[in-house]
Amino acid sequence: VQLQASGGGLVQAGGSLRLSCAASGRTFSTYAMGWFRQAPGKERELLAAISRGGGSTYYSDSVKGRFTISRDNDQNTVFLQMNSLKPEDTAVYYCAASRTLMAYQRAEVYDYWGQGTLVTVSS
């Protein structure tokens, strides 16, 4: 599967952004999907994940209650709605895919990566 993330940009603290990740192929519904981010000098972090059918989700403590992951299997797209953004959310955001059935909340199961989209939150 090939992934293309978009929707990043510059936003003021407290604002919102919606990231999208479009997947190629006709097997999108067989992949669990995740959103990661990596800030300068920091390790890549799994923020949110969603199961193949979209019925189960995972959020890291850093974004729980502010970010929402969703997917549209008919459109081969996964989304990350980001609200109440903070300067510390500034990072490159990546979408990723995994064939896992149940372990989508584990960062190490993701094998396929998009190119990243930069999110900058100004104070």
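Would you mind calculating the relative contact order of the chain from Cα pairs under 8 angstrom and at least 6 residues apart, reporting the percent as a whole number?
Relative contact order of the chain: 36 percent.
Expressed as a rounded percentage, what relative contact order does the range 65-122 have, with Cα pairs under 8 Å and six or more residues apart?
Relative contact order here is 32 percent.
Check which residues have an amide H placed less than 5 Å from Gly15's amide H, if you skip close sequence neighbours.
Leu85
If I compute solvent accessible area with a 1.4 Å probe over the protein chains, what percent of it on the chain is carbon and sulfur?
After summing per-atom areas, the C and S share lands at 45 percent.
What fraction, in whole percent, of alpha-carbon pairs in the chain exceed 22 Å separation?
In whole percent, the long-distance tail amounts to 26.
For the range 1-50, just the Cα set please: Rg and Dmax, both in angstrom.
13.2, 38
What are the trypsin sites (Lys or Arg not before Pro) within the range 26-123 that DSSP puts in a loop, where the Cβ has at most 10 other Cβ atoms within 10 Å?
Arg26, Lys42
Under a 1.4 Å probe, what is the accessible area of the chain per residue, stated in Å²?
51 Å²
GluC sites (Glu not before Pro) within the range 1-101: which are DSSP loop residues with at most 16 other Cβ atoms inside 10 Å? Don't jump to the answer; show the numbers that get you there.
Details: sites: Glu43, Glu45, Glu88; in loops: Glu43.
Here the sparse-neighbourhood loop sites are Glu43.
The values are calculated or read from the model by the stated rules, or taken from the named source; none is laboratory data. Since the structure is predicted, the reported quantities are computational estimates derived from the model, not experimental observations. Glycine also receives a Cβ, built like all others from the backbone with ideal geometry; neighbour counts cover every protein chain displayed. Heads up: the accessible areas ignore ligands, DNA and RNA and are worked out on the full protein's heavy atoms, side chains in. Shrake-Rupley method; radii C 1.70, N 1.55, O 1.52, S 1.80 Å.
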